[in-house]
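Every read-out reported here was derived from the displayed coordinates using simple, explicitly stated rules and does not represent laboratory data. Only a predicted model underlies this, so the values are computations on that prediction, with no experimental measurement involved. Cβ placement follows ideal geometry from the backbone for every residue including glycine, while neighbour counts extend to all protein chains displayed.
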Amino acid sequence: MRKNNGKKDSSKENRKREPDEKTGKRQKTEQYKKKKNKFQKELLFLLPSLIGVAVFYFIPFCDVFLRSFRPEFGGGFSGLENYKAVLENKAFGIAVKNTAKFVAIYIPALLLFSLMLAVVMDYLKEKQKLYKKIFLLPMAIPVASLVLIWKVFFGQFGLINRILECFGITGPDYFHTSFAFLVLGITYLWRNFGYDMLLWKTGIDAIDSDLYEAAALDGAGFLKRFWYITLPQLKEMGFVIVVISVINSFKVFREAYLIGGDYPNQSIYMLQHLFNNWFVRLELGKLTAAAIMLAVVVILFVAGMERILAPKDRKRI
């Protein structure tokens, strides 16, 4: 009798499990269909952007990559000859040195200066909007107008040299000396600090105010609150700002070109000058090889910054 009861109980349990398994499978299939439909709708909205990126960025980049292994004129395969020619080029070494120097000096200065302004702005509750407009004003001024202002002061016959002539001193043409590097750096800082300050301010506003209140109750001063609360919470925003600042640093070619022309003073001869001159001379082999090398360096730099500044939780994932 006990054996028969055991068989009946097991058959009843199997009958109960069968509909449960069926309903579970149905729920999974329904969830899968919902996710699939949601993904298709999202993909439909993203499709125009994906097509634009593919047509205007990805396909041209692939073409540049292939051209870097071809001779400048004609078909065939030249191997690493273009890369070798770039690395042996003296102008390329000067341009790399100046660009690296510019990035190493002025990007940290921009980050620190804009962060300090953002912290100060956080305490100016009432006049924040007014100061934001003032600090963002340099971005609205055309580059040509800005360089013209600099030439009025620091040109060979500018205001500074006119004042020096009154004391019997003959001033140099500052834009064709190493002083041009300082002018270019100040221009970069002046044009970009407002935008970076706004990004830092957005990150500060996103920090929970309860953290500051709790720290203040525990007796933490301004510096401790800034070091242990503000900076750790700004890591992700810091990564974004660093990437944007590096990209914007490659756009100073406009200012440098207007200051010194095709062949400016050696201190401001950047990679963009070199690329422009190679393009004008149709040296496409070296141009494409150098562009690929620069892209690899930027990608590695961004990946390294993401590894350093990414949150711990995200790293584990």
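With the alpha-carbon atoms as the only input, what is the per residue convex hull volume for the range 130-173 in Å³?
Residue-normalised Cα hull volume stands at 79 Å³.
When the chain is treated as a GNM, springs tying every alpha-carbon pair under 10 Å, which of Trp190, Trp278, Trp227 comes out with the largest mean-square fluctuation?
Trp227
Taking 0.36 nm per residue of separation and subtracting the Cα-Cα distance, what length does fully extending Val103 through Ser145 add?
Taking 0.36 nm per residue and subtracting the Cα distance, the gain is 12.7 nm.
Under a plain spin-label model, where a point goes 7 Å from the Cα along Cα-to-Cβ, how far apart in nm are Phe45 and Gln266?
Result for the modelled spin labels: 5.5 nm.
What would the Debye formula give as log10 I(q)/I(0) at q = 0.12, 0.19, 0.23 Å⁻¹ for the alpha-carbon point model of the range 88-161, no solvent?
Taken in order of the listed q values, log10 I(q)/I(0) reads -0.63, -1.03, -1.03.
Work out, step by step, the length gained on full extension between Val298 and Glu236: first 0.36 nm times the residue separation, then minus their alpha carbon distance; give nm to one decimal.
20.5 nm
Return, for the Cα atoms of the range 210-269, the radius of gyration and Dmax in Å, separated by a comma.
Gyration radius and largest Cα-Cα distance of the range 210-269: 20.5, 60 Å.
What does the net charge come to around Phe69 if you take all other residues with beta carbon closer than 13 Å to its beta carbon, with K and R at +1 and D and E at -1?
Taking every Cβ under 13 Å from that of Phe69, the sum is +1.
Calculate, in nm to one decimal, what Leu198 and Arg307 gain on full extension: separation in residues at 0.36 nm each, minus their alpha carbon distance.
Residue separation times 0.36 nm, minus the Cα-Cα distance, leaves 36.8 nm.
May I ask for the net charge around Ile207, where only other residues with Cβ less than 13 Å from the Cβ of Ile207 are counted and Lys, Arg are +1 while Asp, Glu are -1?
Its environment carries a net charge of -3.
Given a cut-off of under 8 Å on Cα pairs at least six residues apart, what relative contact order in percent is computed for the chain?
Here the relative contact order equals 26 percent.
Kindly provide the trypsin sites (Lys or Arg not before Pro) of the range 71-131 that DSSP labels as loop, not H, G, I, E or B, and whose Cβ sees at most 15 other Cβ atoms within 10 Å.
Lys125, Lys127
Against the 2.2 N^0.38 Å scaling, with N counting residues, where does the range 149-214 land? I'd like the Cα-based Rg ratio to two decimal places.
This ratio for the range 149-214 stands at 1.91.
Find, to one decimal place in angstroms, the Kirkwood hydrodynamic radius of the range 26-108, where the mean of 1/r is taken over every pair of different Cα atoms and then inverted.
Taking the inverse mean of 1/r over all distinct Cα pairs, the range 26-108 comes out at 17.7 Å.
Where in the chain are the helices, taken as whole DSSP H runs, whose Cα atoms extend 24 angstrom or more along the long axis and whose Kyte-Doolittle mean reaches at least 0.5?
Qualifying helices: 90-123, 179-205, 284-309.
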